[in-house]
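A short reminder: the numbers here are calculations on the coordinates, not readings from a lab. As the structure is a prediction and not an experimental result, all values here were calculated from the model. As a convention, Cβ positions derive from the backbone with ideal geometry for all residues, glycine included, and neighbour counts pool all protein chains shown.
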Amino acid sequence: TQDITVAAASDLNYALKDLAARFEKKTGGKVTLSFGSSGNLYSQIQGGAPYDLFFSADVAYPQKLAVAGLVESSSLRTYAIGHLVLWVPNGSSLDPQRLEMNLLLQPSVQHIAIANPQHAPYGRAAMAALEHFGLKDKVASKLVFGENISQAAQFVQSGNAQAGLIALSLAVSPAMKDSGRYWELPADSYPELQQGVAVLSASKHKPAAKAFLDYVLSAEGATVLEQYGFRVPPGK
Amino acid sequence: MSDAATSPPGEQLTVRVQKRFRGESDSQFTLEVQLAVAGGFTILFGASGAGKSTLLDCIAGLQTPDEGTIAIGETILFDSQSRVNLPPSRRSVAYLLQSLALFPHMTVEQNVQYGLASLNKADRDARSGDVLESFRISSLVQRRPNEISAGERQRVALARALVTLPRVLLLDEPLTALDAVTKARILDDLRAWNRRHRIPILYVTHDREEVFALGESAIVLEEGRIVAQGSPHEVLQRPQSETVAQLAGFENIFDCSMTGSHPEYGTMTCRIAGSTLDLEVPLVRVNVSLPLRVGIRAGDILLASSKPQGLSARNVVDGTITSLEQRDMKVIAVVTCGPAFEVHLTLGARESLQLKPGARVWLVVKTYSCHVLQ
Amino acid sequence: MSDAATSPPGEQLTVRVQKRFRGESDSQFTLEVQLAVAGGFTILFGASGAGKSTLLDCIAGLQTPDEGTIAIGETILFDSQSRVNLPPSRRSVAYLLQSLALFPHMTVEQNVQYGLASLNKADRDARSGDVLESFRISSLVQRRPNEISAGERQRVALARALVTLPRVLLLDEPLTALDAVTKARILDDLRAWNRRHRIPILYVTHDREEVFALGESAIVLEEGRIVAQGSPHEVLQRPQSETVAQLAGFENIFDCSMTGSHPEYGTMTCRIAGSTLDLEVPLVRVNVSLPLRVGIRAGDILLASSKPQGLSARNVVDGTITSLEQRDMKVIAVVTCGPAFEVHLTLGARESLQLKPGARVWLVVKTYSCHVLQ
Amino acid sequence: MIIQALTLTLRLAIMVSAILLVIGIPLAYWLAFSRRRWKFLVEAIVSLPIVLPPTVLGFYVLVAVGPFTPLGRWYQALTGHSLAFTFEGLVLGSVLYSLPFAVQPMATSFAAIDGKLLDASALLGASRWRTFWRIVLPLGLPGVLTGLVLSFAHTLGEFGVVLMIGGNIPGATQTVSILIYDQVQALDYATANRTALILLLLCFTMLAILYGLRRHGGRNLWEWR
Amino acid sequence: MIIQALTLTLRLAIMVSAILLVIGIPLAYWLAFSRRRWKFLVEAIVSLPIVLPPTVLGFYVLVAVGPFTPLGRWYQALTGHSLAFTFEGLVLGSVLYSLPFAVQPMATSFAAIDGKLLDASALLGASRWRTFWRIVLPLGLPGVLTGLVLSFAHTLGEFGVVLMIGGNIPGATQTVSILIYDQVQALDYATANRTALILLLLCFTMLAILYGLRRHGGRNLWEWR
Ligand SMILES: Nc1ncnc2c1ncn2[C@@H]1O[C@H](COP(=O)(O)OP(=O)(O)OP(=O)(O)O)[C@@H](O)[C@H]1O
Ligand SMILES: Nc1ncnc2c1ncn2[C@@H]1O[C@H](COP(=O)(O)OP(=O)(O)OP(=O)(O)O)[C@@H](O)[C@H]1O
Ligand SMILES: [Mg+2]
Ligand SMILES: [Mg+2]
């Protein structure tokens, strides 16, 4: 079995570490994980980065890479669907379950953290959700933007933003699970956050990469992903 | 610099310091002096490395003595016991450093006026203008130190120190880079300045002319210790140590032993070692068991071409001219009569006596021209 | 420094340069000289700011002349026409800068050996050891420049320049910070060095003693121009310009007009302006319509307490002593006889003539002691 | 948008440079002339901020000024708002992060001044204050200038700290650096190139003028050697 | 993992500092002593890399060394592999980004050396080369040291360029900075704090030793004032 290097979006941090550990135990192959923002990883793959597998936070990046021939189109899959939650820290007096999106209109909410909608998938989803609830203009001046969804989470978690629209995968992560409360946004309030994966054309360890990909897409993989706040696309 | 009225004598500078430099194993230097400097010029004289600059540094506060006291009048500048140590800026001491330390980024004028911050512009200009004028550097006011000559720089630094109104003035070889004419002029200015201010001035120089032009008293330093003190004449004419003697310009120094004493005349006789020549010298209280030395200035010895008669001088010795050399306006003759004497003569004397190497001559030395050293 | 054999005369340094500093509106300085310097000491003499350091800077390559040529023997160092301009490092010129420029981060020894990189360690040590020994600074070898006295620094810088074997040596006031004894010793060393090497040495000094101790020839600079050139005696005894006269120590300078000429005796008579006093002076080819000046050294004037008879001196004038002051070993008398004359006497003369202010005296001035300046 | 970001960036850089002048020069003075035993510890600490990744430094600052710390609460009580996501927050973070770049060259320059000149100034009765203004500062000017240029340029380019503390709010805390970063992340290379080019040209012009001035006109100020 | 990252980081920082010594000192020398008219342009250019956000600079470097440029192809042909995502790539990026921090303080220090000393050296027959080694370098050492400390620390802390060019591959291109950044991104604050603390302590110790040495033992080298 061969060693592989996997490039993955930051929101997969916990889930993939768990999956990689299980996979290594099972097969004996070594999986090296390299996390980054999907945009950076995209640029790096364009620059010839020596990754074997690319787990993106959306499908657009792998699709673009497929068009450019940098990933194998045949391997392109949606491996998970992300969820958006409204998150407040424990110290907050506001109850997201009760107020739902109206929480954002409370005067005590001065800053709302989201990821940057220009390039982060969760940011785009958050903007869509705000529009869906008719809040976009009302809260526009309260928005602060993280480089990625982790930074958005840090904004709220440190208390500097009073609420944030972040990934469910982060909200249930060990780091945040006990430090705040959340309300999961209805799935129809924003476009589905499909997260795509593909094997790099330049990979020298394609069989191993495919093996790991298969494992992630397997039923066992799906269970793990669900556990970390992702939903697995139907029909898989 | 017009007011020539003499001010009453001012405060006195008293110094007692000890300062040791710990050399890297080999050499070591200790300054250990005690002195009181009254108003007016006190010349600090001493060989290179004798500790003159170190002493001034201690007074100005640039170096901290290991032990001692420094005071101007009643004001204590430094006291190792009571741990007083005023910073240089509060000592009211003006100090012309040997290295000048002109501010390179300021013009000559800005340099000179630096110490006058408390005055208004008109007064500042007047004060600095006067000094610059009399030091002949007023045409340079807009230049920077790197654009003027070394002698000009020295005058700027002197002007900078003088325009402030210090309680003590320290000048470390202030006129070395100057030609005779400029130097004479500035010496005049310094004398006039001194008449008006009468503050203690410690003036370091190696130049005997400056000593006599300025000095009201003199201090001789030797290896960090004071070896002589008094008026310039006292110090240099009655030298008690060989260093002072050499500094004072004794071209002739002889090892002698006492052969007789004539207390009634205030004289004694000494024989120059290795010869049969006796000299009559002034009687001094000496330890007879120690070797004596007698110093005679070459300029104090007279030459005669025939044996002189009926002179008051007691030492008349005949000898032969072994060399005759002209240097500057001076003729330097060496006369051998057992020991060799160096004699300085005028050009006129050589001519009128028709001196030539090989000629027989008589040396005439007055008793009081013989200086007993120990 | 033991080998005392005199080397044959070496190459000659020829200089013709023009260099102008453009002052900020007010003052301006132009150096414009042409000179040839043979092996041995050539003294460069001149008032502060006369351009001495600038001339040396040009020769060493630290400043670029506006125009001219500089060559050592056949080697052209600088030529504005053919655009030759060797960098200082390739001129084989050793230069003791007035500012010394010792390397602050190196020990005395490292400083002195800096120019000896091409030698092996043993030779380096031998060469520098000799010089350091004879300059009496060998105990300081491990110190840094900021840990030694100013005079010691000066000797280190001199040693550093001398240990290299240059083709030309430039020394800018190398001994100013030294006491008489140390200076005399180093002058001896320099003379010995010169005997062995015979390279052109340009030596700047303000000190007449150094001029006569070292100088084989002398050049006088005045406001950037050479005003006199020749042996020290020629230059200073027959001064043709007032600056040189003052430098040469003429205490008495009188404006005169010619009243008669006696070509047969080689003399002429001059009347001191504003008086009826005639002086007999040597005959010189002068432009009668221009004012004349006559310079007389105070030391060349004799005093007599009664009218002298049967003397060869032609100028005998009676006057009155108006002041009598002792300075150093010298008595300075001012005698008024219409104009006032300064006269320098020995202490002995004062005593034997029993001179006092107010006393009537006769001034005796030899014709050849009167120097005509124009 | 780029105009807005540019204005903000320049305001930030000028503000940070000004503050660094005010706190950097005294600190540099102290580092250069103090004789305290523990000076070297302070020297080491001053350089520490830059060994942390900027984002991480930013994160720590964010936590420190957040409502869960005494500092954050105190500031909130004092001013009525939090430091995070404000211009003042950006200034704080940037000052912290550029401090060593300002202080170190200044301290080096100050320490290189000939001690005899400081002595001479004191001997002429000048207070430490006067000596500082008339001697230390003019003679140390090249170092001060270097420190300023480095910290100014560094503030222009830094985005980790700024993003973290500022929250990337257009018009309020979005600097040009963040803008370019966003454009690159959005794969909008053409716009990113244009923005970067504008920034580079602007800075190049400013630096060239500065260095050119120093060389030609500014002789009075610092080319007195 | 932290050991691995630390080793890599130190290797990188030492390498970068060494290279900056080798190219920074001559460049600083030129900047300090050249009399070219256009020197001020070079001075301005040297400072330019730091006005770009590091990630963006990294991005441009990545493009420049990528397979679509002559430079990238030439390097690939020469060495058989690309510069990107290798240790050498990290070194390149870091050198570029830390250059101003190294060069500027050095140039300032060199320019402050008393010209008379350089004259004296030349007069003693020393070549420019010897003058440089024996006079300029020892007397400019405080500036060289400042430049080194700043660029060393900056290389330790910088992660934008490194992340972009290196690609965050543990063991190959993952520096401590990136590691800490990753840990913060993963919201794993406890680990991040620990890693940051280790880095800070390490650097603090190194800097304190360096500054302490300079103060006490190293007198021979640079405390000759
Ligand atoms: N950079 C400059 N700009 C303008 N004038 C200058 C500059 N350097 C020197 N000078 C002037 O040139 C003249 C000659 O200077 P130089 O240093 O050669 O004099 P010097 O004969 O060596 O005097 P000193 O005996 O005082 O050392 C002086 O009047 C000085 O003011
Ligand atoms: N920092 C130091 N460490 C060790 N010795 C020193 C230090 N500074 C001075 N000395 C020594 O102290 C002695 C006195 O130095 P000082 O500068 O006072 O002499 P000086 O009388 O002024 O001589 P000069 O006439 O040459 O200027 C010298 O022998 C010198 O070598
Ligand atoms: Mg001294
Ligand atoms: Mg000169």
Positive-end extreme of charge dipole, the protein assembly as shown - chosen from B:Ser323, D:Ala126, E:Phe101 (charges on Cβ): E:Phe101
³J(HN,Hα), Karplus 6.51/-1.76/1.60, whole Hz, each residue of the stretch D:51-65, x for Gly, Pro: 7, 8, x, x, 4, 6, 4, x, 4, 4, 4, 4, 5, 5, 8
Theoretical FRET efficiency, 1/(1+(r/R0)^6), r = Cβ-Cβ of A:Arg181 and D:Ala186, R0 30 Å, to 0.05: 0.40
About the Cα centre, charge dipole magnitude for the protein assembly as shown (Lys/Arg +1, Asp/Glu -1 at Cβ), debye: 520
Simple Cβ-charge dipole of chain E, Lys/Arg +1 and Asp/Glu -1, about Cα centre, in debye nearest 20: 860
Theoretical FRET efficiency, 1/(1+(r/R0)^6), r = Cβ-Cβ of B:Asp255 and B:Thr336, R0 25 Å, to 0.05: 0.90
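Just tell me how shielded A:206-219 is by partners: mean number of partner chain Cβ atoms within 10 Å of each residue's Cβ, no decimals. List each step's numbers first, then the result.
On the way: counts 0, 0, 0, 0, 0, 0, 0, 0, 0, 0, 0, 0, 0, 0.
Neighbouring Cβ atoms belonging to other protein chains average 0 per residue here.
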Inter-chain Cβ neighbour average for residues B:158-169, partner chain, 10 Å: 1
Whole-Hz ³J(HN,Hα) from phi, Karplus 6.51 cos²θ - 1.76 cosθ + 1.60, for the stretch A:123-128, glycine and proline x: x, 4, 4, 5, 4, 4
For C:Val227, distant residues with modelled amide H under 5 Å away: C:Val220, C:Leu221, C:Glu222
Per-residue ³J(HN,Hα) for the stretch C:67-83, Karplus 6.51 cos²θ - 1.76 cosθ + 1.60, θ = phi - 60°, Hz, x for Gly and Pro: 6, x, 9, 9, 8, 10, x, 8, 7, 8, 8, 8, 8, 5, 5, 8, 6
Cut-off under 5 Å, modelled amide H: who pairs with A:Leu70 long-range: none
Calculated over chain A: convex hull of Cα atoms, volume per residue (Å³): 114
Förster radius 41 Å - calculated FRET efficiency between D:Gln4 and A:Ser73, Cβ distance, rounded to 0.05: 0.50
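For n ≥ 4 DSSP H runs only, could you compute -39500 (n - 2.57) per run for chain D, divide by its residues and tell me the 222 nm figure to the nearest 500?
Using -39500 (n - 2.57) per qualifying helix, the result is -23500 deg cm²/dmol.
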Most to least packed among A:125-133, D:25-33, A:152-160 [average Cβ atoms within 10 Å]: A:152-160, A:125-133, D:25-33
Average beta carbon contacts from partner chains per residue of C:92-100, 10 Å cutoff: 4
Ellipsoid semi-axes in whole angstrom, largest first, where each is sqrt(5λ) of the Cα gyration tensor of the protein assembly as shown: 86, 31, 29
Where rotation carries B onto C, the chain B residue whose Cβ is nearest that axis, in whole Å: B:Thr176, 2
Distance (nanometres) between label positions extended 7 Å along Cα→Cβ at E:Arg194 and A:Ser108: 3.5
Approximate spin-label separation A:Ser189-D:Ile14, in nm, with each point projected 7 Å along Cα-to-Cβ: 4.4
Amide hydrogen neighbours beyond the local backbone of B:Leu96, cut-off 5 Å, H modeled: B:Leu170, B:Leu171, B:Asp172
Segments C:28-37, C:316-325 sorted - mean Cβ within 10 Å per residue, highest first: C:28-37, C:316-325
Position E:Leu41, label points 7 Å along Cα→Cβ, spacing to each other copy in nm (shortest first, one decimal): 5.1
Estimated dipole of the stretch E:1-135 in Debye, rounded to 20 [Cβ of Lys and Arg +1, of Asp and Glu -1, Cα centre]: 400
